[in-house]
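Only one structure is covered here, and it is reproduced in the block below.
The values are calculated or read from the model by the stated rules, or taken from the named source; none is laboratory data. Nothing here was measured: the structure is a model prediction, and the numbers come from that model. For neighbour counting, all protein chains shown are included, and Cβ atoms are generated from backbone atoms with ideal geometry for every residue, glycine included. Please note that ligands, DNA and RNA were not included when accessible areas were found on the heavy atoms of the full protein model with its side chains. Shrake-Rupley method; radii C 1.70, N 1.55, O 1.52, S 1.80 Å.
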Amino acid sequence: MHSMRMLFPDAQAEIDPAVVYADLPTAAGRPAVRLNMIVSVDGGTAWNGVSGALGGPADKALFATLRSLADVVLVASGTMKAEHYGPALLPAAVQDARRARGQRPVPPIAVVSRRCDFDFDSPFFTAATERPMVVTVEAADADACTRAAKVADVVMAGERDVDLTRAVVELGARGFTNVLAEGGPTLNGDLAEHGLLDEVCVTLAPLLASGDAKRIIAGSSLDALEPVHIRSICADGDYLFLRYRPVS
Ligand SMILES: NC(=O)c1ccc[n+]([C@@H]2O[C@H](COP(=O)([O-])OP(=O)(O)OC[C@H]3O[C@@H](n4cnc5c(N)ncnc54)[C@H](OP(=O)(O)O)[C@@H]3O)[C@@H](O)[C@H]2O)c1
């Protein structure tokens, strides 16, 4: 049995992550984006190509808790495929609580892709009770987009690259006010470059991974170091759960 305790801002023997993390970030003029990632002590985001081995029960519980709070999940196609994403699943009581808050019972998942090259017969599309979204570009294969439109809402948000600002604003136009980004690092790089990371939740796993797995944010380069401040620190066993927000 795991139980999370808070170290900062208030030392508390036991906390309910659903209460601590209900403190969602906000953003002006668009939905706020909360990013959730797990990383080994030496900075690796994957082991043998997936993140699963890094997580313990508390991390998996937090992953579900963050989904239970989110209006919509945003994920890149590389992660969706590597991690064999299906639709989000939440217990009936959590779904009821979401309905009571005016949210959909489970958050739909929006997958970002340039190529729009998916297995449209996979459970991600066929088992979803909330229609998924494919966020793609004009340059994507037209037949693939037609096929996608049969099983998902297709959101065009750019010509060659998905313009993440446009994509997030488009999610706002569909009534979503908070977005849970689940990676991977390449997508996170684009989100960071566009100033779209309103909160970064990092689980620090008590593991050394070495290897060449990417950092949490990869691929882009910021013009300057971006200061963030710490919002909360929780712990469960040797796992640390850190939460940062931009200073301004
Ligand atoms: N530790 C963690 O918490 C965590 C979380 C998530 C993922 N991961 C790991 O990270 C790895 C995958 O990450 P990754 O960085 O290689 O790939 P990724 O970011 O998951 O996916 C990259 C793909 O997403 C699409 N994409 C991303 N940004 C785009 C943009 N601006 N416009 C259009 N398309 C865009 C492209 O898809 P198309 O190729 O379809 O065009 C691109 O090839 C996996 O090993 C996974 O297990 C770890």
Q) Given 0.36 nm per residue, what is the gain on full extension from Val247 to Val50 after removing their alpha carbon distance, in nm? A) 67.8 nm
Q | Residue-normalised accessible area of the chain, given per residue in Å² at a 1.4 Å probe | A | 49 Å²
Q) With every protein chain present, what accessible area does Lys81 have (1.4 Å probe, heavy atoms only), rounded to the nearest 10 Å²? A) 80 Å²
**Q.** Where Rh is the Kirkwood radius over Cα pairs, Rg/Rh for the chain
**A.** 0.95
Q) How big is the accessible area of Ser210 in square angstrom, nearest 10, if you roll a 1.4 angstrom probe over the protein chains? A) 80 Å²
Q | Order of exposure, largest accessible area first, which applies to Asp190, Asp143, Asp59 with probe 1.4 Å | A | Asp143, Asp190, Asp59
Q) Non-local amide H neighbours of Met4 (under 5 Å, H modeled in plane, Pro and chain starts lacking H): which ones? A) Ile15
Q: Quote the FRET efficiency, to the nearest 0.05, computed for Asp10 versus Ser122 with a Förster distance R0 of 41 Å and r equal to the Cβ-Cβ distance.
A: 0.40
Q: Report the FRET efficiency, 1/(1 + (r/R0)^6), for Met156 and Leu24, where r is their Cβ-Cβ distance and R0 is 41 Å, rounded to 0.05.
A: 0.90
**Q.** Area accessible to solvent at Arg147, 1.4 Å probe radius, in Å²
**A.** 80 Å²
**Q.** the chain: relative contact order in percent, alpha carbon pairs under 8 Å with at least 6 residues between
**A.** 29 percent
Q: Provide the FRET efficiency to the nearest 0.05 for the Ala92-Ile233 pair, computing r from the beta carbons and using R0 = 25 Å.
A: 0.20
Q) So what J values fall out for region 34-40 if you push phi through Karplus, 6.51 cos²θ - 1.76 cosθ + 1.60 with θ = phi - 60°, rounded to Hz, Gly and Pro as x? A) 10, 9, 10, 9, 10, 9, 6
Q. Over all directions, what mean area does the Cα convex hull of region 156-236 project, stated in square nanometres?
A. 7.5 nm²
Q: Just the number, please: carbon plus sulfur as a percent of the accessible area of the chain, 1.4 Å probe, no ligands or DNA/RNA counted.
A: 54 percent
Q: Kindly work out what percent of the DSSP beta bridges joining two residues of the chain are antiparallel, to the nearest 5.
A: 40 percent
